[in-house]
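Peer 1: Please find one structure pasted underneath; my questions will follow.
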Amino acid sequence: MKSFHFDLGNSTDGPIGLCGSVTAETREEALELFKGALPEDLKVPISKPSPTVGVEYIQVYFNQEAITVEDIDYTNEVEEEK
């Protein structure tokens, strides 16, 4: 088994960062598992809801068709439990 790390954005360079790690046998299986774990969209909870804040909502959308094995930036071997 291997651990595959997905890197889909960098909040240091852009407005949003997203990464995740998946344990699988192959890159293709890791991609399938990663995409299966993502919702189509995610409503972000507002940290300080108040009528004076002015933020009604923040919604993040995921384009799963745009995620590929090319988004795997590194792979690690996973030690099997004995």
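Peer 1: Filter region 8-40 down to residues that are part of a strand (DSSP E or B) and either surrounded by fewer than 10 Cβ atoms within 10 Å (Cβ to Cβ) or among the hydroxyl-bearing types (S, T, Y) (or both) and give me whichever is farthest from the chain's Cα centre (by Cα). Full working, then the answer.
Peer 2: Step one: list which residues in region 8-40 are part of a strand (DSSP E or B), which gives 19-24.
Now drop any that are not either surrounded by fewer than 10 Cβ atoms within 10 Å (Cβ to Cβ) or among the hydroxyl-bearing types (S, T, Y) (or both), which leaves 21, 23.
Numbers: S21: 8, T23: 14 Å.
The qualifying residue farthest from the chain's Cα centre (by Cα) is T23.
Peer 1: Also, I was wondering about something else. Sort out which residues of region 40-82 are basic (K, R) and modelled with pLDDT under 90, and write them in order of number. Give the steps one after another, and end with the answer.
Peer 2: So the first thing to find is which residues in region 40-82 are basic (K, R), and the list is 43, 48, 82.
Those that are basic (K, R) and modelled with pLDDT under 90: K48, K82.
Peer 1: Ok, one more. Could you check how many residues of region 41-79 are acidic (D, E), within 12 Å of the chain's Cα centre (by Cα) and surrounded by 11 or more Cβ atoms within 10 Å (Cβ to Cβ)?
Peer 2: Our first condition is that a residue be acidic (D, E); within region 41-79, this holds for 41, 56, 65, 70-71, 73, 77, 79.
With the extra rule that they be within 12 Å of the chain's Cα centre (by Cα), the set shrinks to 41, 71.
Pick out the ones that are also surrounded by 11 or more Cβ atoms within 10 Å (Cβ to Cβ) and you get 71.
Count: 1.
Peer 1: Would you mind stating whether E29 is of a type in the set (D, E, K, R), on the phi < 0 side of the Ramachandran plot and modelled with pLDDT of 95 or more?
Peer 2: yes
The values are calculated or read from the model by the stated rules, or taken from the named source; none is laboratory data. Model, not experiment: these values are computed from the prediction. No Cβ is skipped: glycine too gets one built from the backbone with ideal geometry, and neighbour counts run over all protein chains shown.
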